[in-house]
Amino acid sequence: MSFPEPKPRGPVLPQKRLKTLDCGQGAVRAVRFNVDGNYCLTCGSDKTLKLWNPLRGTLLRTYSGHGYEVLDAAGSFDNSNLCSGGGDKAVVLWDVASGQVVRKFRGHAGKVNTVQFNEEATVILSGSIDSTIRCWDCRSRRPDPVQKLDEAKDGVSSVKVSDHEVLAGSVDGRVRRYDLRMGQLFSDYVGSPITCTCFSRDGQCTLVSSLDSTLRLLDKDTGELLGEYTGHKNQEYKLDCCLSERDTHVVSCSEDGKVFFWDLVEGALALALQVGPGVVQSLAYHPTEPCLLAATGGSIHCWREEAYEPESGTG
């Protein structure tokens with residue numbers, strides 16, 4: 001006799017504040033999970049980058065080498081390297097274990113807002129207020145970028161990379177998608193300066209946030225508007241948005257101290273988490289679990305689902 005399959009559990013949202021970490025690095029400009037979600041990076045206005053175990057609340061290493069505040073960072077697929085960009089116009093490649101600078105790439109004419117590795121972590125892509133995306137070869141000693149994408153008419157605020165695509169958001173109000181296999185550029189006009197853009201986990205859609213306090217879900221291939229999400233405040237700052245680990249909810253920072261969750265399909269507001277009094281500057285969503293990191297002021301806050309119990313020893 002066969003039993004019916006158990007129903008898949010509905011999406012759970014992180015509503016329980018598990019930890020608050022005072023990062024001790026001035027204002028936290030960005031928080032990012034590593035590839036498997038076990039660690040996170042914080043980018044500080046004090047020129048440092050820090051690596052944490054967020055659930056334990058332990059600082060693992062501090063990376064010093066930028067000349068000005070660090071604005072974004074990313075980890076490689078094998079956790080051996082980090083890359084970061086900042087107000088000193090430099091892109092830095094780090095060795096995770098030793099904490100040493102492997103390479104420093106210079107060439108941007110303005111601060112670097114956003115950095116990403118490609119899938120193999122052989123190339124770093126950086127987007128800057130100088131309106132360019134530059135691609136740096138991690139393995140060569142060449143000082144200049146291997147490629148420069150300069151279609152944006154204003155600062156590049158956000159760059160994301162898939163196995164064969166580069167997705168970029170710009171202050172000129174356009175989302176650009178470069179298909180590297182086909183050698184094609186697709187552009188969608190949103191109209192308001194873009195602060196963040198990302199792929200959905202299934203790769204079918206793109207999510208775009210802009211300074212008109214609106215997030216938009218677009219069909220990646222056609223550019224068709226699939227959904228709009230409002231209720232949060234985003235008029236002045238470059239704030240992060242993302243999708244939950246199963247693409248069920250759209251998530252955004254807000255300038256009123258909250259993180260907002262909307263049902264992806266319905267568009268209805270599902271949850272507004274009060275994180276702190278000031279602007280929630282950055283957020284990161286765990287790749288496989290309902291776990292959210294939110295940065296406000298000099299702290300990051302770790303949220304989990306209500307039923308979550310920390311393992312003994314992680315408290």
Task: 1.4 Å probe accessible area per residue over the stretch 18-126, in Å² - done: 37 Å²
Task: Length gained when the stretch residue 189-residue 154 is fully extended (0.36 nm per residue, less Cα-Cα span) - done: 11.3 nm
- [ ] Using R₀ = 41 Å, calculate the FRET efficiency as 1/(1 + (r/R₀)^6) where r is the Cβ-Cβ separation of residue 15 and residue 141; round to 0.05.
- [x] 0.25
Task: In sequence order, calculated HN-Hα J values of the stretch 209-220 (Karplus, 6.51, -1.76, 1.60; Hz; x Gly/Pro) - done: 10, 9, 7, 9, 6, 9, 10, 10, 9, 10, 5, 4
Open item on the list: For the stretch 16-304, report the % of Cα-Cα distances exceeding 35 Å.
Closed with: 9 percent
TODO: Compute the distance in nm between two label points, each set 7 Å from the Cα along the Cα-to-Cβ direction, one at residue 162 and one at residue 78.
DONE: 2.6 nm
- [ ] For residue 132, enumerate residues with amide H under 5 Å from its amide H, sequence gap 5+ or separate chain, H modeled in the peptide plane.
- [x] 156
TODO: Would you please classify the overall shape of the stretch 260-308 from the alpha carbon gyration tensor, given that a ≥ b ≥ c denote the square roots of the eigenvalues, rounded means a/c under 1.5, and beyond that prolate means a/b larger than b/c while oblate covers the rest?
DONE: oblate
- [ ] Give me the distance in nm between label points sitting 7 Å out from Cα along the Cα-to-Cβ direction at residue 22 and residue 265, one decimal.
- [x] 4.5 nm
Open item on the list: Starting from 0.36 nm per residue, how many nanometres of slack lie between residue 212 and residue 230 once their C-alpha separation is accounted for?
Closed with: 5.5 nm
Task: Built amide H within the under 5 Å cut-off of residue 270, gap 5+ - done: 261, 262, 263
- [ ] For residue 71, list long-range residues whose amide hydrogen, built 1.01 Å from N in the peptide plane, is under 5 Å from its own amide hydrogen.
- [x] 85, 86, 87
TODO: At 7 Å along the Cα-to-beta-carbon direction for both residue 309 and residue 122, put a label point, then send me their distance in nm to one decimal.
DONE: 4.8 nm
Open item on the list: With θ taken as phi - 60° and the coefficients 6.51, -1.76 and 1.60, list the Karplus ³J(HN,Hα) couplings across the stretch 85-101 in order, rounded to whole Hz; mark glycine and proline as x.
Closed with: x, x, x, 8, 6, 9, 10, 10, 9, 10, 8, 4, 5, 8, x, 8, 6
Task: Per-residue ³J(HN,Hα) for the stretch 258-264, Karplus 6.51 cos²θ - 1.76 cosθ + 1.60, θ = phi - 60°, Hz, x for Gly and Pro - done: 10, 10, 9, 10, 10, 5, 4
TODO: Arrange the residues 45, 128 by how much accessible surface each exposes, largest first, with a 1.4 angstrom probe.
DONE: 45, 128
Task: Contour excess over end-to-end distance, with Cα ends at residue 237 and residue 104 and 0.36 nm allotted per residue - done: 45.1 nm
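The values are calculated or read from the model by the stated rules, or taken from the named source; none is laboratory data. Given the structure is predicted, the values throughout are model-derived calculations rather than measurements. Methodologically, a virtual Cβ is constructed for each residue, glycine included, from the backbone with ideal geometry; neighbour enumeration extends over all protein chains shown. Keep in mind that these areas ignore ligands, DNA and RNA; they rest on the heavy atoms of the full protein, side chains included. Shrake-Rupley method; radii C 1.70, N 1.55, O 1.52, S 1.80 Å.
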